[in-house]
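Asker: Right, I'll just put the structure down here and ask away after.
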2 protein chains.
Amino acid sequence: MNTRAVPIWGFEIMNDPNTLARERMIASHPWLVGVRPAAEVMPGMQPNLILHAAPPARWGDMGDLMRGGLIGAALYEGLARTPEEAAEKAQSGAITFDAAQNHGGVAGGVGSITASMPVMVVEDRSNGNIATHFVMEGLGRTLVSGFYDHAVLDRLRWFRDSFAPTLDAAIRAVGGIDLREMMAEALCRGDELHNRNRAGTSMLINAIVPGLIDIGAPGPDIKRALAFLAGNPQFFVGCVLPAAALMLRTARGIPGCSIVTAIGANGKDCGLQVGGLPGRWFVALGDVPKGVLQEGVTQADVAPGCGDSFVGELCGFGASVLPAAPALGPVIGASLEDGLRFAHGAYSVTVGEHPHYKVPALGFRGTPIGFDARKVVATGTLPVIDIAMGHRMPGMGMIGMGVVSPPMQCFEQAVRALDAA
Amino acid sequence: MNTRAVPIWGFEIMNDPNTLARERMIASHPWLVGVRPAAEVMPGMQPNLILHAAPPARWGDMGDLMRGGLIGAALYEGLARTPEEAAEKAQSGAITFDAAQNHGGVAGGVGSITASMPVMVVEDRSNGNIATHFVMEGLGRTLVSGFYDHAVLDRLRWFRDSFAPTLDAAIRAVGGIDLREMMAEALCRGDELHNRNRAGTSMLINAIVPGLIDIGAPGPDIKRALAFLAGNPQFFVGCVLPAAALMLRTARGIPGCSIVTAIGANGKDCGLQVGGLPGRWFVALGDVPKGVLQEGVTQADVAPGCGDSFVGELCGFGASVLPAAPALGPVIGASLEDGLRFAHGAYSVTVGEHPHYKVPALGFRGTPIGFDARKVVATGTLPVIDIAMGHRMPGMGMIGMGVVSPPMQCFEQAVRALDAA
């Protein structure tokens, strides 16, 4: 009896698309394997193509915040010599745009990816998939915040010409870096892995230094790299977000699967995909985050949420496990009770708990994985994203930190489309 | 009115010994300034003197666990060629012993300090005081666990001949390391700074590497040092404990002060000092920790608590703020609720909260500082220490992790002596 019952039971389980998705998500095993030029590792990359946070958008439809970042990217890539020329070429179609997630990439904030730009390369060793993210620039004036002055562009050129090739060689020298192990430990060290990545960054530096020694990097290069990393507590998020995207991607293409497999907000719209309908973005007007504003600005100045980093929460990190990072609470305007509420909300609309990513502050519960669009719609419980808040106007940068949710309409559209399929 | 009222109020405050102690404890600002041979930096160090966890004890009165560690120290220092010879010389007085805290040192666990042994040197920049701790050896067979086989002694010689001088030069090259800043951040990264120091160790490595580059340390030396540190998640406690001892020491010698300024347990007795009676140890039989035992041992095998690391909790770290380190709970057999109970107990018998050391998980409350012996006696609430549990027999090492409290008799003796003074 038993010998028959077990395979039948197993077969039935695996016939349930969301259960299959959950098992694949758990198996996903991200490794940081290098830092390479985008054109080398991202499918469909073109010299005049600039990738941004999802969903895809045309220049004429984009918000000012995102446009600022894209102009900076065009200047960096040499696609235009002035902001005006960049805007003209964007309007005419001489410069083209697409969502980074359509090319295996993730673009946090207002950041963008061009052909020559180095990207963190993360490999899912459960299936060989690759995901990428641009190199995080640090605090202050950055392209990821929509700035593109000389200092910003100089830093990006230093990435391309020196820092990224050195980092790439060091990562290869140590045989790649097991991000699953590092992210699991970071959740025990006060990181929620979206807007707090201090412990993860510290561990990543520890892991890279022996590689820097092995490749014989000159002392001044090592010191400049380490000084840069020491002032860049969010550096590790450039590894976390591709890892998150790879976990979500395992569910892509499973017929009938209602789990969110891609998500982003471009400063105007928010869009998501579900596993059963690969490639279809379900889009609605994005909401405006609320939280802690800097002096001199008001809520009316805040742009709708922007960035592909929504994938972090939808993979079970970030605000989905905010109690892991109690130090982040006041930064985003969330109390300890808010954090528990966000986490319990996430558990109520997901399909499992991750056995590798445990949250000690939640009694070692695994992170909530597999956000089920059907459960979101049925319960009315939306995922919560902790997020940097950008000013509506370009060149004003980040003006606060808070939380936002993707609009319910995205989930409703996805469920209707799944029902129709 | 106001101009008179303020100084009078200030004068009265500073006339209260425990309030004065609290202000001095808050001002204490520890920096790691080097790694030097004990004889060079510890007052009263002698070639045939071995320092151990307080209170002071004679060889004939010591427990087997502590004796094992002291024999290992004698062999390392070349004071004896065999364990038998070490025991004979200890018995005869040819080798002498004292509490490390009587010489400005701290000796965690069964660890000990000899004249040639390198020690972490921490300076209190509020007053120029120095405190030290031996270099933490890592996991497994170590002198701090009472082992003294060839591998243990070889590692200590590598410390003395290579690792410590290199580390010392690197620390000096970076101008010393601000431990207050690092410990404050570690409390936001899941360390309670006694038995969990993973984040602190990671940050310390980050801070030291630029110094290693600056001094031109050879690549293989750097890699060996980093590989050793990477496998040594408790390394940072060798900085924390001197910092804690320095904070407590600020209250030493304040007439009438009932705050604990020194404390330790030597595997048999527990002893403490209070600020108003400097140099007097109040001693009682130490209690046996309880917690999580390794397989194959029973509670009857566990030795009474051993180590000067009690100073960590008495300075407001460790189990006094266990909620800072939720990942440590199961390791020592404490639930999240136990952690809150330990912390609330600590707040109930201390005289203030530290403005630099904040615990996000406790709503950013400052660490509880200034354990008042009078409050302990009046409320019956003892400090709780999280601690590695040693086997009663030498050579059996650490057999579990748990919690213990110093005996109430120590506090009662101190209060009686203060009353009599």
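Every number here is computed from the coordinates shown, using simple stated rules; none is lab data. Predicted model only: the values in this text are computed from it and were never measured. Positions of Cβ are backbone-derived with ideal geometry, glycine not excepted, and every protein chain shown enters the neighbour counts.
Asker: Taking the Cα atoms of the stretch A:175-256, what is the range of coordinates along each of the three principal axes, in descending order and whole Å?
Answerer: The Cα atoms of the stretch A:175-256 stretch 55, 27, 17 Å along their principal axes.
Asker: Separation between the A:SER348 and A:ALA300 pseudo-spin-labels, each 7 Å from Cα along Cα→Cβ, expressed in nm?
Answerer: 3.5
Asker: What does the charge count around A:VAL404 come to, taking other residues whose C-beta lies under 11 Å from its C-beta (Lys +1, Arg +1, Asp -1, Glu -1)?
Answerer: It works out to a net charge of -2.
Asker: Using the Karplus equation 6.51 cos²θ - 1.76 cosθ + 1.60 (θ = phi - 60°), what ³J(HN,Hα) coupling, rounded to whole Hz, does each residue of the stretch A:176-186 give in order, writing x for Gly and Pro?
Answerer: So the Karplus estimates, Gly and Pro as x, are x, 10, 6, 6, 4, 4, 5, 5, 4, 5, 4 Hz.
Asker: D for the stretch A:50-134, whole µm²/s, Stokes-Einstein with Kirkwood Rh over alpha-carbon pairs at 20 °C and 1.002 mPa s: what number?
Answerer: 162
Asker: Net charge near B:GLY146, counting Lys/Arg +1 and Asp/Glu -1 over other residues with Cβ under 12 Å of its Cβ?
Answerer: 0
Asker: Also: For A:ASP149, place a label point 7 Å out from Cα along the Cα→Cβ vector, do the same in each other copy, and report the separations in nm, one decimal, smallest first.
Answerer: Output for A:ASP149: 6.2 nm, nearest copy listed first.
Asker: Would you mind telling me which residue in B:PRO56, B:PRO242, B:PRO326 has the biggest mean-square fluctuation in a Gaussian network model of chain B, where springs connect alpha carbons within a distance under 10 angstrom?
Answerer: Taking springs between Cα atoms under 10 Å, the residue moving most is B:PRO326.
Asker: Compute the Rg/Rh shape ratio of the stretch A:23-240: radius of gyration over Kirkwood radius, all on alpha-carbon atoms.
Answerer: 0.97
Asker: Charges at C-beta only: +1 for Lys and Arg, -1 for Asp and Glu. How large is the resulting dipole of the stretch B:27-240 about its Cα centre, in Debye rounded to 20?
Answerer: In debye, rounded to 20, the stretch B:27-240 gives about 240.
Asker: For B:MET389, what charge total do you get from the other residues with a beta carbon under 13 Å from its beta carbon, if Lys and Arg give +1 and Asp and Glu give -1?
Answerer: My count for the surroundings of B:MET389 gives -1.
Asker: In square nanometres, what is one fourth of the surface area of the convex hull spanned by the alpha carbons of the protein assembly as shown?
Answerer: That works out to 40.4 nm².
Asker: When each pair of different Cα atoms in the stretch B:358-421 is counted once in the 1/r mean, what is the Kirkwood radius in angstroms, to one decimal?
Answerer: 14.6
Asker: Let me spell out the model: positive unit charges on the Cβ of Lys and Arg, negative unit charges on the Cβ of Asp and Glu, origin at the Cα centre of chain B. What dipole size does that give, in debye rounded to 20?
Answerer: 400
Asker: Which number do you get for Rg(Cα) / (2.2 N^0.38 Å) in the stretch A:290-351?
Answerer: So the Cα radius of gyration is 1.23 times the expected 2.2 N^0.38 Å.
Asker: In terms of Cα to Cα distance under 17 Å, which aspartates and glutamates are near enough to A:LYS89, apart from those fewer than 8 places away along the same chain?
Answerer: Reachable aspartates and glutamates: A:ASP61, A:ASP64, A:GLU77, A:ASP98.
Asker: Chymotrypsin sites (Phe, Trp or Tyr not before Pro) within the stretch A:258-357: which are DSSP loop residues with at most 12 other Cβ atoms inside 10 Å?
Answerer: none
Asker: Put +1 on the Cβ of each Lys and Arg and -1 on the Cβ of each Asp and Glu in chain A; which of A:ILE50, A:GLY175, A:GLN299 then has its Cα farthest toward the positive end of the dipole?
Answerer: Going by the charge dipole, the pick is A:GLY175.
Asker: Holding the Cα-Cα limit at 30 Å, pick out from A:LYS290/A:LYS375; B:LYS223/B:LYS268; A:LYS290/B:LYS358 the pairs that are longer than that.
Answerer: Those over the limit are B:LYS223/B:LYS268.
Asker: Then there's this: Hey, could you grab the Kirkwood Rh for the stretch A:209-267? Inverse mean 1/r over distinct alpha carbon pairs, Å, one decimal.
Answerer: This gives a value of 14.8 Å.
Asker: Next question. Where q = 0.08 Å⁻¹, what log10 of I(q)/I(0) comes from the Debye formula for chain B, counting one point per Cα?
Answerer: -0.39
Asker: Per residue, how big is the convex hull of the stretch B:232-320 when only Cα atoms are used? Give it in Å³.
Answerer: In the stretch B:232-320, the Cα hull volume divided by residue count equals 105 Å³.
Asker: How large is the dipole of the protein assembly as shown about the Cα centre if only Lys and Arg carry +1 and Asp and Glu carry -1, each at its Cβ, rounded to the nearest 20 debye?
Answerer: With Lys and Arg at +1 and Asp and Glu at -1, about 60 debye.
Asker: Quick check: convex hull of the Cα atoms in the stretch A:147-290, volume per residue, rounded to a whole Å³?
Answerer: Taking only Cα atoms, the stretch A:147-290 has a hull volume of 158 Å³ per residue.
Asker: Still on this structure: Treat the count of other C-beta atoms within 10 Å as a stand-in for reagent exposure and order A:TRP158, A:TRP31, A:TRP59 from fewest to most.
Answerer: Listed from fewest to most nearby Cβ atoms, that is A:TRP158, A:TRP59, A:TRP31.
Asker: Let me know the Rg and Dmax you get for the stretch A:252-420 when you use only its Cα atoms, in Å.
Answerer: Over the stretch A:252-420's Cα set, Rg and Dmax evaluate to 15.8, 50 Å.
Asker: Given the stretch B:27-240, what percent of its DSSP beta bridges are antiparallel, to the nearest 5?
Answerer: Percent antiparallel among DSSP bridges in the stretch B:27-240 is about 70.
Asker: Can you give the Kirkwood hydrodynamic radius of the stretch A:1-149 from its Cα pairs, in Å with one decimal?
Answerer: When all Cα pairs of the stretch A:1-149 are included, the Kirkwood radius is 17.2 Å.
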